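Taking it in order: structure first as structure tokens, then the write-up.
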Amino acid sequence: MHVGVLTGGGDCPGINAVIRAVTLALLQSGAVSRVTGIERGFLGLLEDGYRPLDVATVRDILDEGGSVLGTHNRADPFAYFAAGGADCSGRALDTVGRLGLDALVAIGGDGTMTIAERFSRLGLPVVGVPKTIDNDIAGNERSFGFDSAVAVVADSLNRLETTARSHGRVMLLETMGREAGWIALEGGLAGGADAILIPERAYHLDDLAAFCQRRVAEQGYALVCLSEGIRDQHSALDVNRYLGTAPSGARLGGVGQVLMQDLQGRFGAALEVRYTLLGHLQRGGAPTAYDRVLSTRFGVEAARMVLRREFGRMVALQADVCTSLALVDVAGRSRSVPLQHELVLAAQDLGLYIG
Ligand code: F6P
């Protein structure tokens, strides 16, 4: 067999560990003689970007951040940006035929899984591997990259705490996560935040301001960990006010600036607020040991699925066991934080403000 591998959407720590595991497990099986890496996601199938993957090329990439194949988060062959949004899926399938690929492993987030599902319906033998720091892919309880992002958030909160305490300030830290609050929730808990704001639950500005003032009175400072997709109780996503863009599909990032101004307006000169946008620092760098292991498990499982010819499916972690789900059940769906989630309840029991 000849198998193609691509990485679509945003990069995240652990992608290279998946590429390594898929390649090694396929070649090791004896049933696969060639593995080809498609460059920059589906773009490589449209613009002829590919290169061989072998034991030597993947040997040392277990702990390397980013994607050695490059990635792209707008390369949808069904609406190709360089062709004015035209459907160029036929061109991508021609490339698959010309290369002689018997299967394609697509590592990516919800966008990539949706594209993979459409190709699967057109007869392409495809296996999906879920990837996102946001941890929001439907049916998959843990994505690789998430643990690495949470570690950065926790470390950042610890750093903010020492300066917050020294100045007696309210410090805001904004995390990624799009419309899902997983990174802010776990990162906030791991880093000892006083308040955690997630998109799934609207916050109330007056309540939050009063809570921060109480915390400052008690301990001298307050730490707020907020997700980029948050909204207050009275408006749509606050990010609209800052970026002037619609929430869905838009680039997020910056809502903390709005919240800082809102809180500062409530506090006046008595209490200072500062804001840090963590941004892509959460996505770059080496994966944690947990993510290296999870990526390896996902890569090996994807290779097994190819060998068993279980196509049109995505690797998924359920009850900490690697299994798989039909792409059709995953495409176009996402996974948000349930308000009765154990971690939300734990945060409440600890006396944190959860918005
Ligand atoms: O989906 C992963 C993610 O990191 C989101 O948390 C974030 O909103 C987005 O990607 C950022 O994308 P970009 O790299 O295009 O700015």
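The values are calculated or read from the model by the stated rules, or taken from the named source; none is laboratory data. Quantities reported herein were computed from a predicted structural model and do not represent experimental measurements. Cβ sites come from the backbone with ideal geometry, for glycine too, and all protein chains shown count toward neighbours. The protein model used for the area step is the full one, side chains on, heavy atoms only, and it has no ligands, DNA or RNA in it. Shrake-Rupley method; radii C 1.70, N 1.55, O 1.52, S 1.80 Å.
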Practice prompt. Determine the principal axes of the Cα atoms in the chain, then give the extent along each, sorted from largest to smallest and rounded to whole angstroms.
Written response: 68, 41, 31
Fill in: the chain - share of DSSP beta bridges that are antiparallel (%, nearest 5)
25 percent
Item to complete: State the extension gain, in nm to one decimal, for the chain segment bounded by ALA31 and VAL293, taking 0.36 nm per residue of separation less the distance between their alpha-carbons.
Response: 91.9 nm
Worksheet item: What are the semi-axes of the equivalent ellipsoid for region 148-284, taken as the square roots of 5 times the Cα gyration tensor eigenvalues, largest first, in whole Å?
Response: 22, 18, 12
Worksheet item: Going through region 62-144, which GluC sites (Glu not before Pro) have at most 16 other Cβ atoms within 10 Å and a DSSP loop state?
Response: GLU141
Discussion item. Highest mean first, how do 221-227, 259-265 rank when packing is the count of other Cβ atoms within 10 Å averaged over residues?
Written reply: 221-227, 259-265
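What relative contact order, as a whole-number percentage, does the chain give when Cα pairs under 8 Å and 6 or more residues apart are counted?
Worked out over the chain, it gives 22 percent.
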Worksheet entry | In degrees, nearest ten, helix 15-29 long axis to first principal axis of the chain (Cα) | 30 degrees
Practice prompt. Hey, can you find the accessible area per residue of the chain for me, probe 1.4 Å, expressed in square angstrom?
Written response: 40 Å²
Discussion item. Could you compute the longest span of the chain free of trypsin sites (Lys or Arg not before Pro) located in DSSP loops and having at most 15 other Cβ atoms within 10 Å, not counting the site residues?
Written reply: 75-250
Worksheet item: Which angle from 0 to 90°, rounded to the nearest 10, does the C-alpha axis of helix 205-219 make with the longest principal axis of the chain?
Response: 70 degrees
Practice prompt. Could you state the angle between the C-alpha long axis of helix 146-167 and the longest principal axis of the C-alpha atoms of the chain, as a value from 0 to 90 degrees rounded to the nearest 10?
Written response: 20 degrees
